[in-house]
Structure formats: C-alpha cells, structure tokens
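What follows is a set of notes on a single structure, which appears directly below.
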Protein chains: 2
Amino acid sequence: MNATAGTLSTRDRILDIAQRLIQSRGYNAFSFNDLAKELKLRTASVHYHFPTKADLGVALVRRYRGQLHHELDWIAKSGVDPLGSLEQFIAMFDRTFRSSNALCLSCVLSAEAPSLPKPVAAEVTRFIHDAELSLAKIFAAGKRARVMAFKGSPRTQARMLMAMIQGAMLVARGLRHRSYFRDMTRGYLGKYAVG
Amino acid sequence: MNATAGTLSTRDRILDIAQRLIQSRGYNAFSFNDLAKELKLRTASVHYHFPTKADLGVALVRRYRGQLHHELDWIAKSGVDPLGSLEQFIAMFDRTFRSSNALCLSCVLSAEAPSLPKPVAAEVTRFIHDAELSLAKIFAAGKRARVMAFKGSPRTQARMLMAMIQGAMLVARGLRHRSYFRDMTRGYLGKYAVG
DNA sequence: GTCTATAAGATGATAGAC
DNA sequence: GTCTATCATCTTATAGAC
C-alpha cells in the first residue's frame, strides 16, 4: 500500500532515515540494523524494500537528485532574480546544516567514493554534474540579464560555488563551528553583484 | 628497534598505510586486517603498536598536523613571497590528489566526524584550527608587505582558502575529474595579487 | 510486508606462547 | 615484536513461515 495523507510508506521512511544517517556518519558507518531499529522492524523487512545496501544507496542519491531539481524549480518560481536564486540555494544548505549538522549527501559520499559500490558512486557523479549544469544556467541568466558580472564561463563559476559550499560545510563540521558556513558564504555572492 | 637508514619502523609503516587507506576510503572502510595484509603481519601485531583503532586514528592526525607545519616551514624557507607560499600550499594538495586521488586526511575525516571516536574528531578539529592560523599568518604577511590585497581579516581569507581547497578536491573526486582541482584553484589566488 | 531463523564473513580486540 | 588461537559482536543477506 502507498502512503495515505500525512503518512509515509515504509520505503520512504527507510529512505528518509538512511539519508539522515549518511549525511551524519557516512555510507560505511550505518547498517540495516540501524534502520530496522528506528523503524521498529527487522532487518529482513528492510531488505524486502531494498535487497542490497547498494540498491538503497542508488535509490537514495537518485531521489536526492530529484529533490535538487525540485528545490531549484521552487526557487525559480518564487520570482527572485538569478543572484537571489543562488542566495536561496546556499540558504538551503545553511538551514539543514545548522538545524541538524547535515552535510550535502553527495558531499559525504564523494569523500568515501573509492569505497562505495560502483553504481552508488556513479549516481553521485551524476548528481554533481546535474547541480553544476543547473547552477551554470543561473549564472548565465544572471549575466544575460546584467544583474551579475564575472569573468570566465558560467560553468566555471558554478564549479567554484559548488566547491565553496561543499568545502565550507565540510570545514565547518570539522571545526565544530556552527556559524562558520554562514559566515563564509555570506559575502561570497557579493562579488557577482552589478552596481 | 628503530628504523635504520632507508627503512621504516613497523609503527611508521602502519601509519603510512593507514593514512593512505583513510585518504582513499575513509575511517570506517579500512580495517586492521587491511593493514596486516599489506604489512604481511597478523592483526594482533598491529594491535601491539596501536591497541585500539582510535589510538591509531589519533596518532595519525597528530602526525599529519606535524607534517603540515613541516611543509609550511619548508615553503617559508624556500624564500618565496606570501602569495607564492599559498600557491605552493595549494600545489601540495594538487600533487597528492592527482598522483593518488588522495584527499586531505582531515577533509575525509571531517565528512565522517559524527561517527568517529571522540579523540579522533578532536584531533581533526585541532588540525583545521592550526591550518587556519598558519594560513592567516601568510595572508597577514602578504598584506603587510603589500604583495597581497583583500578586504576583511586574514583569518576570513584563510577560511575561504581552506574551504576552496577542500571543496574543490571533494567535488573533483565525486565528479571523477582529475584536473578539476587544478582548474579551479589555478585562478583563485589571482584576485589577491597587487598590481 | 513483516516475521523468525540462520548463515557466512568481517571486525575490533585479547590471552598467552615464542 | 610477532605469532596462534580465540572471542563476542556486528554486518549483509537469504529461506521460508505467517
């Protein structure tokens, strides 16, 4: 049965819990048993929904990629200009980081990449590639509309923004400094502003 | 017995192998058995040198912190100006990343921080703190000598550089793009140059 | 869909011989 | 310092009942 109003299917609950655990501990430090405990089920039940851990990992990153596009669509529809879109994109990560110390799922998985099942690592690559393209489009639109100015390609700016976001969260976690990420990214977009 | 010329003590060999494995797979994806296999010893022998995995982790990050200072001293003695020092600092990471796909040890451990033994996580915090201070001194010296120009504190610039380096390596690994890190960091320091 | 039961293997760690 | 032997525990995964 699927979820009814206000409830989530077991499958979705598994994905939610697994995502939270990976964003906190990484792929190799969570187990089917952790999931089963939180769900108050048995590990065999979790395996029913995702036969292997790699299956779960792939489904997770694939869903995360969908969420990225969903968030970007939502930001686009909110009617802000390209610079505002990037600000909201950053604010998104700031919220989850400060509220639950969660890094970007793909950021954590990237760190562990060589130890991941190949299909999971491939999905991570796809996510970053997607994010880069989406951000590049925003940079390009900003330049076209003359609300942003920068040298080099929109693609390069997108890459720098991605690196800045991921790196700032990573270092913030390592330093155990909750406001580090916000402090660092606050001024970052200023350099793109026109006028 | 300690190492004689050209050889390494078992303890040092353990540290070398463990560091490489963590930089590749992360803390939770390497085992005493992995070390024993490479050393052609038994796991009990590894435990003789480091009773627990946490002991090994702490020793590792502590040594890595020493290496950081050693590298920075070496760069300082090479006689380049502050901007050149930062370039060499970045080049250091570029070399290990491109030659062996190795991320910064503390970067990988930061990603897994909530799942690490507390003493290990504490050592990671210390490393990043140290690196930040050392880089801030270089930025300050560059400003004093008028070879670098920037707004804000040297500390903030150091943080941005750290985030950029760590984030660029992380994203480069996730994307499986060997030259990504170099491409991204190549132009980064340009903005600090005077004249 | 969830359960019990179970398997085969890995893991961190220790005792005690050499 | 390194070994054999052993431990309890955890991990991913499967078979088959309900």
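Nothing in this text is a laboratory measurement; each read-out follows from the coordinates by a stated rule. Not measured: the values here are computed from a predicted model. FYI the Cβ positions are ideal-geometry reconstructions off the backbone, even for glycines, and counts take in every protein chain you see.
A few points about this structure:
- Charge context of A:Ser179, other residues only, Cβ under 12 angstrom, K/R +1, D/E -1: +4
- Remark: relative contact order (chain A) = 21 percent; criterion is Cα-Cα distance under 8 angstrom and separation of 6 or more residues.
- For segment A:78-143, the relative contact order comes to 45 percent (Cα pairs under 8 Å, sequence separation of at least 6).
- Lysine pair count for segment A:93-195 (Cα-Cα distance under 21 Å; residues 8 or more apart in sequence or on different chains): 5.
- Under 5 Å from the amide H of A:Met148 lie the amide H atoms of A:Lys143, each residue being 5 or more positions distant or on a separate chain, with H modelled from the backbone and absent for Pro and chain starts.
- Taking the label point 7 Å along Cα→Cβ, B:Leu39 and its counterparts in the other copies are spaced 4.0 nm apart, in ascending order.
- Neighbours of A:Pro117, meaning other residues whose beta-carbon lies under 12 angstrom from its beta-carbon, give a summed charge of -1 when Lys and Arg score +1 and Asp and Glu score -1.
- Calculated mean residue ellipticity at 222 nm for chain A: -23500 deg cm²/dmol, from DSSP H runs with n ≥ 4 weighted as -39500 (n - 2.57), summed, divided by the residue count and rounded to 500.
- For segment A:78-194, the gyration tensor built on C-alpha atoms gives an oblate shape. Its axis ratio a/c (a ≥ b ≥ c) is at least 1.5, and a/b is not larger than b/c.
- Counting only alpha carbon atoms, the long axis of helix B:118-144 and the longest principal axis of chain B meet at about 20°.
- Comparing segment B:3-68 with the 2.2 N^0.38 Å rule of thumb, its C-alpha radius of gyration ratio is 1.06 (two decimals).
- Only Lys, Arg (+1) and Asp, Glu (-1) charged, at Cβ; segment B:61-190 dipole about Cα centre in debye: 120 debye
- Ascending count of other beta-carbon atoms within 10 Å, so fewest first, for B:Glu132, B:Glu71: B:Glu71, B:Glu132
- Considering only B:Ala102, B:Asn33, B:Val147, and ranking their Cα positions along the charge dipole of chain B that arises from unit charges at the beta-carbon of Lys, Arg, Asp and Glu, the one farthest toward the positive end is B:Val147.
- Convex hull of Cα atoms in segment A:1-155, direction-averaged projection (nm²): 10.9 nm²
- Assigned charges on the beta-carbon of Lys, Arg, Asp, Glu; segment A:114-195 dipole about Cα centre (debye): 260 debye
- Assigned charges on the beta-carbon of Lys, Arg, Asp, Glu; the protein assembly as shown dipole about Cα centre (debye): 400 debye
- Distance between modelled label sites at B:Thr43 and B:Arg176, nm, 7 Å Cα→Cβ extension: 3.1 nm
- Under 19 Å of direct C-alpha separation, and excluding same-chain neighbours fewer than eight residues apart, B:Lys53 reaches these aspartates and glutamates: A:Glu112, B:Asp12, B:Asp16, B:Asp34, B:Glu38, B:Glu112, B:Glu123.
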